[in-house]
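The next block holds one structure in the form of C-alpha cells; read it before the comments.
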Amino acid sequence: MYSLVEIFESLQGEGRNTGRPVVFVRFARCNLRCPWCDTDFSPRFSLSLEDLMKEIKSFKAKSVILTGGEPTIQEEMPELVATLKREGYWIGVETNGTNDSEWLRFVDYVATSPKRGSKIALSKADEVRIVADSESIVPFCHEMRAKIEATDYYISPCDHDGEIDFPTAKAVLAALGGWSLSVQLHKLLGFR
C-alpha cells in the first residue's frame, strides 16, 4: 500500500520542466523537517498499486512527478516505477537526496533539493535546486555542486509566510557561477 497525501494534475511550477503538464503523486512522510516546507506530509489515505494506477490514469497528462514528503522512503516504489514505465509514462522524481535508491536509475528525471545539515547520499541528478534561506547558503551550494553531478543547478527563493525572498536569492546567485534562478511559478500565478 502507498501512503499518500494527494494526487492531482497541474503544471510543473519550477526547474527545467516548468510548464509541463503532469500528475503529481504526493507521498506521505518525510525524513527531514525543513522550516520553510509548505506541505503537511501526514498520511491522508492509502492505495494499492492497482488503485493508484487507476487514479493516475484518470488524468490526461502522460507525465508523473513522484514527490512528497520523500518518495525514496516508500518501500513499494520500484513496483510503481516499473508499472508507470510499462504504461508509457514520463516519470520525474523530486527528492531531498538523502537516499540513493536503485530505482531512481529507471526514472526519466531526478530533481533533488538537498538541505543543509542532512547527509546527502545522491551523487547524480538531472537538476539540483537549493532554497536560498540566507546568504550563508553559498558554501553549501559549492559543496553540493562538487558532490552531485547534474545538468542544471538552481537557486530557489525562500517563501516566508507568503513573501518570496528574491533579494536573498539574487545575492546568492551573484556569489555563484553557473547557477540559475528557479521560481515557484505556481505560487506566483496562483495554481497548484
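Brief remarks on what is shown
- Each Lys and Arg contributes +1 and each Asp and Glu -1, all at the Cβ; summed about the Cα centre of the range 44-104, the dipole is approximately 440 debye.
- Potential lengthening of the chain between Leu32 and Ser118 amounts to 30.2 nm, from the contour at 0.36 nm per residue minus the alpha-carbon distance.
- For Ser134 and Glu6, the difference between the fully extended length at 0.36 nm per residue and the C-alpha to C-alpha distance is 43.0 nm.
- Cα centre as origin, Lys/Arg/Asp/Glu Cβ charges: the chain dipole, Debye: 280 debye
- Taking the chain and dividing mean pair separation by its residue count, relative contact order in percent (alpha carbons under 8 Å, at least six apart): 18 percent
- Tensor-based shape of the range 86-162 (alpha-carbon gyration tensor, a/c under 1.5 rounded, otherwise prolate or oblate): prolate
- Taking the convex hull of Cα positions in the chain, its mean projected area over all directions (nm²): 10.1 nm²
- Additional length obtainable on full extension of the chain from Phe166 to Ser42, 0.36 nm per residue less Cα span: 41.7 nm
- At a probe radius of 1.4 angstrom, the accessible area of the chain per residue rounds to 48 square angstrom.
The values are calculated or read from the model by the stated rules, or taken from the named source; none is laboratory data. All figures in this text were calculated on a predicted structure; none of them were measured in a lab. In this analysis, Cβ positions are derived from the backbone assuming ideal geometry, glycine residues included, and neighbour counts consider all displayed protein chains. Surface areas here come from the heavy atoms of the whole protein model, side chains and all, with no ligands, DNA or RNA. Shrake-Rupley method; radii C 1.70, N 1.55, O 1.52, S 1.80 Å.
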